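Undergrad: Can you keep this structure in mind? I'll have questions shortly.
Read-outs throughout are calculated quantities, based only on the coordinates presented, and are distinct from any laboratory measurement. Since we're looking at a predicted model, the values are computed, not measured. Note that each Cβ is placed from the backbone with ideal geometry, even for glycine, and that neighbours are counted across all protein chains shown.
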Amino acid sequence: MAIGQPTSVPDHRPISEIGDERFRLLVDSVQDYAIFMLDPDGTVRTWNAGAERLKGYTAREIIGQHFEVFYPDEAVARGWPAEELRRATSLGRFEDEGWRIRKDGQRFWASVIITALRDGAGRLQGFAKVTRDLSERRRHEEELRQSEAQLRLLVDAVDDCAIFMLSPTGEVLTWNAGAERIKGYAAADVIGHHFTMFFTAEDIAAGLPERELLLARRTGRAQAEGRRVRKDGQVFWANVTITRVLDADGTLRGFAKVTRDLSEQHRWAELEKSSRRMEEFLATLAHELRNPLAPLRNAVEIMALRDDLPPDMADMRHLIGRQTQHLTRLVDDLLDVARITTGRISLVKAWVDVCEVIRSSVESVRPQMNGKHQTLELTLPEQPVGILGDTVRLAQAIQNLLTNATRYTPDGGRIRVAGLRQGTAFQVTVTDNGIGLLPDASERIFRLFSREPVARHPEDSGLGIGLSLARRIVELHGGNLTASSGGPGQGTTFSMLLPAPAGSAPIALAPETRSETSGRRVLVIDDNRDSTDSMVEVLSLLGHDARGAYSGADGLTLAGTFRPDVVLLDLNMPDMNGFDVAKQLRTRFDAGLLVVAMTGYGRQADRQATLVTGFDEHLTKPVAFEQLEALLASVPRRDTA
C-alpha cells in the first residue's frame, strides 16, 4: 500500500442512521425467523427473507395486506388475530404457539412473539412480529405424546398384571386396572401411600420391602416371588419385578413395579409336589405290603402242588389264596390312585384278541366266583376280534368289572359276560343279579372312592377305586363304559364299548403248546428269608433245581459255583442293591444268563428302570406263577459242565 493513500472513504452520515441501516441489513438477512412489522391495525409493513422462506410470500405480494392471511379460518372466525394485537397492546408483549398458514395453504406449527412499538410519547406506532417454524418439534412432541398415550392405554388395559410406579422412597404414583383387580384397591386408595401396605406383617418386620428397593436401586432390577396381601387381607403368591427408572442425567425418578398373581400356578405346583410325595409313599407302601404277600402266595402254591393235602386244609388253602389275591388287588388299586389323579396312566398298545383277554380275565376272577358258588355264563364270538389296545390294562378293566359283579352278587347268584361286535365297535357286557343300583347312582359309582351301600357283607365293599380306574382305561382306548340297573335288588349291567374296526390287523396268537419247564437251574437272591425259602420250595416242587441266597454278596458267590440258568433278584437288599448285583452278574457270566427283577416295586417307572439297567424281565411280588412258568419255559437249559 502506498504511503499517504487513504484506506477508505469517510462516512459523514449520523451514527444513528448508520446503525439503523445495519440493523435493517441484519434483519433482512435472517433466514430462520420471519421478522416483519405491522401497523396498529395489523397491516404488514415490512418483510424479511426469513418471512418469505417460512410463509412463501414475497415482500411485493404481502406488504399492504392484513396479517389475518397467516391464520386458519377457524382462528380468524373467533377473532384470534385481533386478540393477539389487543394483548400485545395491553401487555407490551405477547407470546403464543399455534397453527399458521403458508401461501400454498399448508399448515405449520409456529412460535409467535408480538411486541408493541411506541414512540417517545408512548403512542402506539405498530407491532414487531417474530415467527418461528416449530413443525418438526411439534411432530416429535406429538409422536411422543401419542406413544405415551398408547403406552398409558396399554398399561391401563392390562388386567393380568399389576403395573404401577413408585417414588424413589416407595410411595405409589400410578395404578392400573390390573393392580386394582389383583390387589383389590382403587387408585384413590393407594396413590400416595407406601408400597409396604402390600406385604405381610412378617415380611415388613424382616425389612423385605426396603431390601427390594435397595437391590433395584443398586443393580437396576430386583425380582422375587413370595406372599403379598390384598385389600381384603387375603394372602396370595406373587411374582414381582421392580425396575429402576432414571431420567436423562441419571437421577433416580422412581421404580416401575410389575406384580403377577401366581396363586393358581403355585397351588398346582404344590399339588404336583404333594402328588409326587403321595405316589412315592404309595409305591413304598405297596413294596412293603407285597413283600409279606410273596411268601404267602408261595405257600399257597406249595400247598396246591401237594396231592396229600387233607380236604379241610385244601379249603384253607383256597381261602388263603382268595384273600391273598384280594390283598394283592387292593395294593395294585392303591398305586393306581396316584396314576388316576395325576393322569399318568399310559398304554402300551398292540393288536390283541379282545375275546382272549376276556377269557383270561374270567379265569382270574373265577376262584372268587367259585368261593360264593356263583354261576358264570360266558358268550363270545368264535373268531378272534382284534383291537388296538394294552392287554394288561384291558384285562385290569374287565377284571375290575367282574370283581365288582361277584362282590355285589349274593352266594349262588348268576353273572353273565357277553361280547358282541357292533359295526366298528365291540361291546362287552357284564350282567349280574345282585343288589342293583339306586336311580341316581349310575354315574356316581365311577367317581374315585365312591362306595355304594351294600346289602350284605359291608366289609367286602372295596376302596371305591376299581370302577373309576376301569372307565379311565376304557376311555384311553377311545371307548366308553356305562352302568344301568332296574333299581335296588334288580342287578346291574356294565356295558363296555371298544373301537374294533372291521378288517383290523391280524392277531398273533400265542401257541397252544408249552415248552417243558423242568430242569432249569434257578437262583433266588432276596434278603427276605420267607420269600426266598418259599420261592425255592415252589420251584423245587415244579421240578427245577433251585437255590437261595439272602444277600447280594452271597448270591454272587453261589452263582459262581451253581451256574444258574435264571436269577430271580430282589432290588432292595442291605449289602448290595439288585442293580449292582445284576451288573456284576453280567460281568462275570456269559450272555445266556437270564436276570429277572423280582420286587415289590411295580410302577411303570420301576419296570423301565430295571429293563434299562441290565435286567431281562421284571416280576412284581407276589409273582403270578403262570407268568413265572411261561418265563422259565422260554429259557434254554444251560450246559452243566
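Undergrad: Sticking with the crude label model, points 7 Å out along Cα→Cβ, report the distance from E288 to T89 in nm, one decimal please.
TA: 10.5 nm
Undergrad: Continuing with this model, one more query. Sort the following peptides by mean Cβ neighbour count (other Cβ atoms within 10 Å, averaged over residues), highest first: 397-407, 69-79, 303-313, 360-370. Don't skip to the answer; put the middle values down first.
TA: Numbers: 397-407: 24.3, 69-79: 14.4, 303-313: 10.5, 360-370: 16.8.
Ranked from most to least packed, the peptides come out as 397-407, 360-370, 69-79, 303-313.
Undergrad: Right, something else. Which of the peptides 470-477, 226-233, 80-87 is most tightly packed, and how do the rest follow, going by the mean number of other Cβ atoms within 10 Å of each residue?
TA: Numbers: 470-477: 20.9, 226-233: 14.0, 80-87: 16.4.
Per-residue Cβ counts within 10 Å, averaged per peptide and sorted highest first, yield 470-477, 80-87, 226-233.
Undergrad: If I stretch the segment between Q608 and S274 completely, what's the gain in nm (0.36 nm per residue apart, minus their alpha carbon distance), one decimal? Display every interim value, and only then the final one.
TA: Numbers: separation 334, 0.36 × 334 = 120.24 nm, distance 2.32 nm.
Here the answer is 117.9 nm.
Undergrad: Going by the alpha-carbon gyration tensor, a ≥ b ≥ c the square roots of its eigenvalues, is region 521-633 rounded (a/c under 1.5) or, if a/c is not under 1.5, prolate (a/b greater than b/c) versus oblate?
TA: On the way: a/c = 1.25, a/b = 1.06, b/c = 1.19.
Here region 521-633 falls in the rounded category.
Undergrad: Among rounded, prolate and oblate, which fits region 350-499 when a ≥ b ≥ c are the square roots of the eigenvalues of its C-alpha gyration tensor, a/c under 1.5 means rounded, and a/b larger than b/c means prolate? Mind dumping the intermediate values first?
TA: Details: a/c = 1.76, a/b = 1.41, b/c = 1.25.
The shape class here is prolate.
Undergrad: What is the calculated FRET efficiency for A187 to D249, with r their C-beta to C-beta distance and R₀ = 35 Å, to the nearest 0.05?
TA: Between A187 and D249 the formula returns 0.75.
Undergrad: Evaluate the relative contact order of region 350-499 (contact order divided by residue number), counting alpha-carbon pairs under 8 angstrom at least 6 apart; express in whole percent.
TA: Numbers: 299 pairs, mean separation 37.3, N = 150.
After rounding, I find 25 percent.
Undergrad: Can you list residues from other chains, or at least 5 along the same chain, whose modelled amide H is less than 5 Å from the amide H of F164?
TA: Placed amide hydrogens put K257 under 5 Å from F164.
Undergrad: Once you have the Cα-Cα distance between S263 and A205, take 0.36 nm times their residue separation minus that, and quote the gain in nm to one decimal. Numbers along the way, then the final one.
TA: Values: separation 58, 0.36 × 58 = 20.88 nm, distance 2.32 nm.
This chain segment gains 18.6 nm when fully extended.
Undergrad: Between E68 and H318, what is the label-to-label distance in nm when each label sits 7 Å out along the Cα-to-Cβ direction?
TA: 12.1 nm
Undergrad: Here is a follow-up. Tell me, in nm to one decimal, what length is gained between S484 and L448 on full extension, where the rule is 0.36 nm per residue of separation less the Cα-Cα distance?
TA: Values: separation 36, 0.36 × 36 = 12.96 nm, distance 1.84 nm.
Using 0.36 nm per residue and subtracting the Cα-Cα distance, I get 11.1 nm.
Undergrad: Residue by residue, what Karplus-based ³J(HN,Hα) values in Hz, rounded to whole numbers, does region 625-631 have, using 6.51, -1.76 and 1.60 with θ = phi - 60° and x for Gly and Pro?
TA: With the stated coefficients, region 625-631 comes to 6, 4, 5, 5, 4, 5, 5 Hz.
Undergrad: In whole Hz, with x marking every Gly and Pro, tabulate ³J(HN,Hα) for region 212-229 from phi via Karplus 6.51 cos²θ - 1.76 cosθ + 1.60, θ = phi - 60°.
TA: 4, 5, 5, 5, 5, 5, 7, 9, x, 7, 10, 10, 7, 10, x, 7, 10, 10
Undergrad: Order these by the 10 Å Cβ neighbour count, fewest first: D440, D96. Don't jump to the answer; show the numbers that get you there.
TA: Details: D440 7, D96 14.
Ordered from fewest to most neighbouring Cβ atoms within 10 Å, D440, D96 come out as D440, D96.
Undergrad: Shape call for region 17-136 from the C-alpha gyration tensor, a ≥ b ≥ c root eigenvalues: rounded (a/c under 1.5), prolate (a/b greater than b/c) or oblate? Let's see the in-between values first.
TA: Numbers: a/c = 1.71, a/b = 1.13, b/c = 1.52.
Oblate shape, in that a/c is at least 1.5 and b/c is the bigger or equal ratio.
Undergrad: I would also like to ask the following. Taking H placed 1.01 Å from N in the peptide plane, check which residues at least 5 places from N48 or on another chain put their amide H under 5 Å from its amide H.
TA: Here I35 satisfy the definition.
Undergrad: Roughly how many nanometres apart are two label points built 7 Å out from the Cα toward the Cβ at Q234 and H194?
TA: The answer from the label model is 2.7 nm.
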